[in-house]
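The values are calculated or read from the model by the stated rules, or taken from the named source; none is laboratory data. What you see is a predicted model, and the numbers here were worked out from it, not measured in a lab. We place every Cβ from the backbone using ideal geometry, glycine too, and count neighbours over all the protein chains shown.
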Amino acid sequence: MPNIDIVATVSFTSSVRNQIMMKVLAFNRHYLPGFKAGGPIRSLANMAEALGDEIRFFIGTLDRDLGDAEPYPELDANAWIKMGKAEVRYFEPENISIRAIRALIEEVRPDCIYLNSFFDPVFSLRVLIARRAGLIPRIPLLLAPRGEFSPGALTLKSLRKSAYIKGASMSRLTRDVMWHASTEIEADDISRAMSIGSSSIAIGSDLATAPPANVVSAWEPRESGSPFRLCFLSRISPKKNLTGALRAVSLAKARVVFDIYGPKEDETYWEECQKLIDGLPPHVSVAYRGEVAHQDIASVFACYDLFLFPTLGENYGHVIFEAMSVGLPVLTSDQTPWNDLCEAGAGWAIAPDPGSVAACIDEASRWTLAEQSAARAACMRYAELILQDSQSIEQNRQLLFAAAGIALR
């Protein structure tokens, strides 16, 4: 029988629901107060905040941010720490053994285990192995690959990933696992990669949060004759395709200032980027501006004319929403859920071909003040529609209860 606490039982309406305190134990390599790992942190944090009044979220994670050698200051690794509506246990990297994972599960006694990566060798693989070997109870398990099965993502280290998928399938590590897809596109990616049917996949869109109210009005139009202001803000890794962005700006005819933000996750890849930067024409100015804490992203976006993000694949793309929420038009690839940007007047979602991307940059650089204002207004309208969509919260609620085998009455 599911391990649940019944707080109150009421009839369902659109605003009143059965208050079941289900327990979810989520594993994610990085979590708050970290920010460098990007979208997966936001996806899990936003879910916990949206559903934390009726579902207890427990999260196991590292005690440090992506790429950091030192842990977060003043953390007690032996205690649960309240972080928003979630309770978080932070682990030193050397202490995440199967034994530690089993102890955590025995302590929480969750109704559902929620993994936020397929390829993570520690926070996902060890849980799956322990579950398959009977070292932990066979608790219902929900797995969100967070875009790892997109065609673009699978082309990176493809042989290693193919072997990993084949090994997991042959050893039946994912037998009776429920998969969480953010979109129908990602559901198709999961089905294709894992050779499974749609009955094992639940769709629940990632949840967004509103920007700070004072940031939306902070934008100042660029002065006539000044360079067009572009920015890239993401982890610097092959999947995010900064090299594609640099090749595109090298082909643009407009005078451009291109600022790069984000953690250098892959130093070898960053060296490749620097070589491209060194070869840029003189009318393109590029600068690396460092990392940006999540609470400062909106303020950074308010300083630019276009967000350039030719990613090779996103299951959601929180950073795209965050740009639009403060009125910043977006030029991204067609490998995200945001493929109607042009139709909405909020930018472009196109194949990440440098020549095509450069043409869009040049077109945006010629916008009049009225056209700039119209694009920014369209972005904010689009973002507001996303924030008002209560269906996404309901989807996430239903998939968590369904994964745990708990019926909503």
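Before moving on, here are some points about what is shown:
- Residues satisfying the stated conditions in segment 145-175, i.e. in contact with a strand residue (DSSP E or B) (Cβ under 9 Å, 6 or more places away or on another chain) and of a type in the set (Ser, Thr, Tyr): THR174
Listed here are the residues, each with its yes/no results for (1) more than 20 Å from ILE81 (Cα to Cα); (2) touching a strand residue (DSSP E or B) at 6+ places or on another chain (Cβ under 8 Å); (3) assigned to a loop (DSSP other than H, G, I, E, B); (4) at pLDDT below 90.
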site: VAL7; (1), (2), (3), (4): yes, yes, no, yes
site: PHE35; (1), (2), (3), (4): no, no, yes, no
site: LEU44; (1), (2), (3), (4): no, yes, no, no
site: MET47; (1), (2), (3), (4): no, yes, no, no
site: ASP65; (1), (2), (3), (4): no, no, yes, no
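- Test for ALA364: is it part of a helix (DSSP H, G or I), assigned by TED's automatic domain parsing to the domain that holds ALA302 and more than 24 Å from GLY225 (Cβ to Cβ): no
- Comparison of LEU159, LEU75 shows that the only residue that is among the aliphatic types (A, V, I, L, M), within 25 Å of LEU312 (Cβ to Cβ), more than 19 Å from the chain's Cα centre (by Cα) and in the same structural domain as PRO33 (by TED's automatic domain parsing) is LEU159.
- When segment 64-90 is filtered for residues that are surrounded by fewer than 19 Cβ atoms within 10 Å (Cβ to Cβ) and touching a Leu at 6+ places or on another chain (Cβ under 6 Å), only MET83 remains.
- Flag not set for SER224, criterion: more than 24 Å from ALA50 (Cα to Cα), modelled with pLDDT of 95 or more and either crowded, with 17+ Cβ neighbours inside 10 Å or not assigned by TED's automatic domain parsing to the domain that holds GLN398 (or both).
- Just so you know, in segment 281-335 the residues that are among the β-branched types (Val, Ile, Thr), in a loop (DSSP other than H, G, I, E, B) and out of contact with any Lys or Arg (no Cβ under 6 Å at 6 or more places or on another chain) include one that is surrounded by the fewest Cβ atoms within 10 Å (Cβ to Cβ), and it is VAL292.
- Looking across segment 136-193 at every residue that is aromatic (Phe, Trp, Tyr) and surrounded by 23 or more Cβ atoms within 10 Å (Cβ to Cβ), the one that is farthest from ASP206 (Cα to Cα) is identified as PHE149.
- The set of residues from segment 52-63 being over 16 Å from ILE113 (Cβ atoms) and not in a loop (DSSP other than H, G, I, E, B) comprises just one member, LEU62.
- Against the conditions (1) more than 21 Å from PRO221 (Cβ to Cβ); (2) hydroxyl-bearing (Ser, Thr, Tyr); (3) at pLDDT 95 or above, SER392 satisfies every one except (3).
- The lone criterion from (1) over 21 Å from GLN295 (Cβ atoms); (2) surrounded by fewer than 19 Cβ atoms within 10 Å (Cβ to Cβ); (3) of a type in the set (Phe, Trp, Tyr) left unmet by TRP219 is number (1).
- Here PRO140 passes the criteria (1) of a type outside the set (D, E, K, R); (2) under 24 Å from THR336 (Cα atoms); (3) modelled with pLDDT of 95 or more except the one numbered (2).
- Residue count for segment 236-261, restricted to those that are within 17 Å of GLY313 (Cα to Cα), outside any helix (DSSP H, G or I) and not aliphatic (A, V, I, L, M): 2
- In segment 111-149, of all residues being hydroxyl-bearing (Ser, Thr, Tyr) and assigned to a loop (DSSP other than H, G, I, E, B), the one that is farthest from the chain's Cα centre (by Cα) corresponds to SER124.
- Test: residue in segment 206-225 that is more than 26 Å from ALA298 (Cα to Cα) and touching a Phe, Trp or Tyr at 6+ places or on another chain (Cβ under 8 Å): no
- Pick from segment 184-216, criterion assigned to a helix (DSSP H, G or I) and aliphatic (A, V, I, L, M), ranking: modelled with the lowest pLDDT: VAL216
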